[in-house]
Amino acid sequence: MYSDPKPSFSFLILLFLCLQPLIFSLSTDASPPPTVCIVGSGIGGSSVAHFLRHYFHPSPSQPRPPNIKIFERSYVVGGRMATVSIGGETFEAGASILHPKNYHALNYSNLLGLKVKPPPASEDDDSMSLGIWDGKKFVFKTLQVDSKFPLVQKIVSYVNSFRIFFRYGFSLLKMGSFVESTVDSFLKYYESPERRPIFETVDEMLKWAGLYNLTTQTLRDELIGIKLSPLLIEELVTVITRINYGQSVYISGLAGAVSLAGSGGGLWSVDGGNWQMASGLINSSDVSLHLNEEIESISYLGEYYELNSTKRNSYSCEVAVVATPLDEVNIRFSPAVSIPERKLQHTHATFVRGLLNPAYFGLRTVAEIPELVGTLEDPDLPFTCISVLKQLDENDTTYKIFSREPMSDALLDSIFSARLQTNRINWGAYPHYKAPELFAPFILDGQHLYYVNAFENAASTMETSAVAAENVARLILSKYFSEASLQSSNLQSFSPDADVSHFDL
């Protein structure tokens, strides 16, 4: 009799039922993926999550990507990127402007479909009117013409350029070359990963790009070394460093160069708020987000880290990342970690909807007051700058004031003839720079506890945070995930020749 060699359907079902316990056992015995805990939801923490997801490549030893948890002590994400609403308008309250060669930020915006926009006219040196105030008088003012005709505006721009050149001379060109050289060195961090090492210390990272020496002396010394005129350093450079870092020309050279680069043309921001970059990266990186939960202790227990929060919750993580400045948070580490002592420079941002008092500046009309009032270095001056954010009409304008100390109502009432709305924000904005700079390591304990903000002692911007975060993500993948990481197909770099906004010094 002919017999069918194929197994019957009932036999296959019986075989599956017999093997099911074994299959279930094998599946449950597989180790769960490791967990990476990130403290801080600003551009640094969100970028670490993004690059971990983007760069991870499965391997036999690590077939599944890590779980990622982000802890934020505030009720919103974004860290030092935030907005404020004045008179129904939204303005940047924290980190405000991005450089045209901030390639990570540009990529985030494109990836997330965010709309970019130029900054307000008062923050764009092509169209703003500028005044340098010494506390008693304007030592320099550009011309102001209230005209909507482009030809008139262009003529005024040319005249102002000539007046600035006449005052500061060829030192302006030397300053531009200094900034351009620094930017070119920074672009090395966007090179192909095959040509770019993974750095365990900030010192190594800076030396590789040729930037370390700029952190060993002050910006003033750097500029004197290239023979900039004392007047340019005392006036225009001082105004810029006070606006961007709230500090004088005695900040370290690299931070100073970054500050000067942030005063050029082609600057931009994200329409609706730069915080959307952090929010979008978190949403697209499959992250478990814990808002309004502050981490108060991180303990290394041999195989993992235990994080305890103010909500009395405990979390176990194989990798822990600190992506917030440790200078003013009360995280306890066990074992203790050692980092150089550092103070944060506080910037008090005061937003006022109202009208400036021309008499305060020794002027007759509000129209004579420049759109951007910068100040010289003088401890008696109560503010570092005042800028126009938006003019609604001739009697209603929104202003932003930066100061090192809080602005009292009495002081504001002397500066303003009318105030309709006032908002105050105190930012622990950036490190207080002091050359020569000392750097904390990216790895705080020699194991898997990482510190993104170690790089801030070199320079503090949204983009430098993203660059540091990208390096930390690669460091995590290379040290913890070993062969599962750093596949060249996933590590796409940004070309300095890419089609991006024009860089204009």
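The values are calculated or read from the model by the stated rules, or taken from the named source; none is laboratory data. In this text the structure is predicted, and so the values were computed from the model without any measurement. Cβ coordinates were reconstructed from backbone atoms using ideal geometry, including for glycine residues, and neighbour counts include every protein chain displayed. Please note that ligands, DNA and RNA were not included when accessible areas were found on the heavy atoms of the full protein model with its side chains. Shrake-Rupley method; radii C 1.70, N 1.55, O 1.52, S 1.80 Å.
Evaluate the following for V145: is it outside any helix (DSSP H, G or I), free of Cβ contacts under 8 Å to residues at least 24 places away in the same chain, in the same structural domain as I386 (by the TED database) and of a type in the set (V, I, T)?
On the way: outside any helix (DSSP H, G or I): yes; free of Cβ contacts under 8 Å to residues at least 24 places away in the same chain: yes; in the same structural domain as I386 (by the TED database): yes; of a type in the set (V, I, T): yes.
Taking the combined requirement at face value, the residue satisfies it.
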- Query: Does I132 count as open to solvent by 80 Å² or more (accessible area, probe 1.4 Å) and of a type in the set (V, I, T)?
  - Reply: no
- Note on the structure: Restricted to segment 454-463 and to residues being open to solvent by 10 Å² or more (accessible area, probe 1.4 Å) and in a helix (DSSP H, G or I), the residue farthest from Y189 (Cα to Cα) is N457
- Among S85, S61, which is of a type in the set (G, A, S), at pLDDT below 95, open to solvent by 40 Å² or more (accessible area, probe 1.4 Å) and assigned to a strand (DSSP E or B)? S85
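For segment 338-411, which strands (runs of 3 or more DSSP E) that fit wholly inside it have 3 or more residues that are touching a residue at least 60 places away in the same chain (Cβ under 8 Å) and β-branched (V, I, T)?
Numbers: elements: 344-356, 372-375, 385-393, 396-403.
The qualifying strands (runs of 3 or more DSSP E) are 344-356.
Scan segment 181-200 and give yes if some residue there is more than 30 Å from I443 (Cβ to Cβ), surrounded by fewer than 16 Cβ atoms within 10 Å (Cβ to Cβ) and free of Cβ contacts under 8 Å to residues at least 12 places away in the same chain, otherwise no.
First, the residues of segment 181-200 that are more than 30 Å from I443 (Cβ to Cβ): 181.
This time we only want the ones that are surrounded by fewer than 16 Cβ atoms within 10 Å (Cβ to Cβ), so: 181.
Now narrow it down to the ones that are free of Cβ contacts under 8 Å to residues at least 12 places away in the same chain: 181.
Among the residues of segment 181-200, at least one is more than 30 Å from I443 (Cβ to Cβ), surrounded by fewer than 16 Cβ atoms within 10 Å (Cβ to Cβ) and free of Cβ contacts under 8 Å to residues at least 12 places away in the same chain, which makes the answer yes.
Could you list, in sequence order, all residues of segment 269-299 that are of a type in the set (G, A, S), open to solvent by 20 Å² or more (accessible area, probe 1.4 Å), in a loop (DSSP other than H, G, I, E, B) and within 18 Å of A469 (Cβ to Cβ)?
Filtering segment 269-299 for residues of a type in the set (G, A, S) gives 269, 272-273, 278-280, 284-285, 288, 297, 299.
Cutting the leftovers down to open to solvent by 20 Å² or more (accessible area, probe 1.4 Å) gives us 272, 279, 284, 288, 299.
Okay, now just the ones that are also in a loop (DSSP other than H, G, I, E, B), so 272, 284.
Once the filter is applied, which keeps residues that are of a type in the set (G, A, S), open to solvent by 20 Å² or more (accessible area, probe 1.4 Å), in a loop (DSSP other than H, G, I, E, B) and within 18 Å of A469 (Cβ to Cβ), segment 269-299 yields only S284.
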- Task: Of the numbered conditions (1) surrounded by 14 or more Cβ atoms within 10 Å (Cβ to Cβ); (2) modelled with pLDDT under 95, P150 fails exactly one; give the number of that condition.
- Result: (1)
- Message: Please go through segment 421-440 and give me each residue that is open to solvent by 80 Å² or more (accessible area, probe 1.4 Å) and either at pLDDT below 95 or farther than 19 Å from V84 by Cβ (or both), ordered by number.
- Response: H432, K434, P436, L438
- Looking at (1) outside any loop (DSSP other than H, G, I, E, B); (2) among the basic types (K, R); (3) within 21 Å of I298 (Cβ to Cβ), which is the one condition that is false for R53? (3)
- Query: What number of residues in segment 300-318 are surrounded by 12 or more Cβ atoms within 10 Å (Cβ to Cβ), of a type in the set (G, A, S) and farther than 10 Å from F71 by Cβ?
  - Reply: 1
- Of the conditions (1) in the same structural domain as A257 (by the TED database); (2) part of a loop (DSSP other than H, G, I, E, B); (3) out of contact with any Pro (no Cβ under 7 Å at 6 or more places or on another chain); (4) touching a residue at least 60 places away in the same chain (Cβ under 8 Å), the single one that L231 does not satisfy is (2)
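Of the residues in segment 203-228, how many are open to solvent by less than 50 Å² (accessible area, probe 1.4 Å), farther than 26 Å from T384 by Cα and in a helix (DSSP H, G or I)? Quick ask: steps written out before the conclusion?
Going residue by residue through segment 203-228, those that are open to solvent by less than 50 Å² (accessible area, probe 1.4 Å) are 203, 205-206, 209, 211, 214-215, 218-219, 222-223, 228.
Applying the additional criterion that residues be farther than 26 Å from T384 by Cα yields 203, 205-206, 209, 211.
The next check asks that each one be in a helix (DSSP H, G or I); those that pass are 203, 205-206, 209.
Of the residues in segment 203-228, 4 are open to solvent by less than 50 Å² (accessible area, probe 1.4 Å), farther than 26 Å from T384 by Cα and in a helix (DSSP H, G or I).
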- Test: residue in segment 163-179 that is surrounded by fewer than 14 Cβ atoms within 10 Å (Cβ to Cβ), under 25 Å from N244 (Cβ atoms), within 31 Å of the chain's Cα centre (by Cα) and hydrophobic (A, V, I, L, M, F, W, C): yes
- Out of S279, S284, S288, sole residue that is farther than 27 Å from V116 by Cβ and not aliphatic (A, V, I, L, M): S288
- Item | Index of the failed condition, V258 passing every other in (1) open to solvent by 30 Å² or more (accessible area, probe 1.4 Å); (2) assigned by the TED database to the domain that holds I38 | (2)
- segment 256-272, residues that are small (G, A, S) and in contact with a strand residue (DSSP E or B) (Cβ under 8 Å, 6 or more places away or on another chain): G256, G264, G265, G266, S269, G272
- Message: With within 30 Å of G45 (Cβ to Cβ) and crowded, with 16+ Cβ neighbours inside 10 Å as the only criterion, which of F351, F361, F416, F383 stands out?
- Response: F351
- Task: Determine which single condition E200 fails, assuming it passes every other condition in (1) over 22 Å from the mean Cα position of the chain (by Cα); (2) part of a loop (DSSP other than H, G, I, E, B).
- Result: (1)
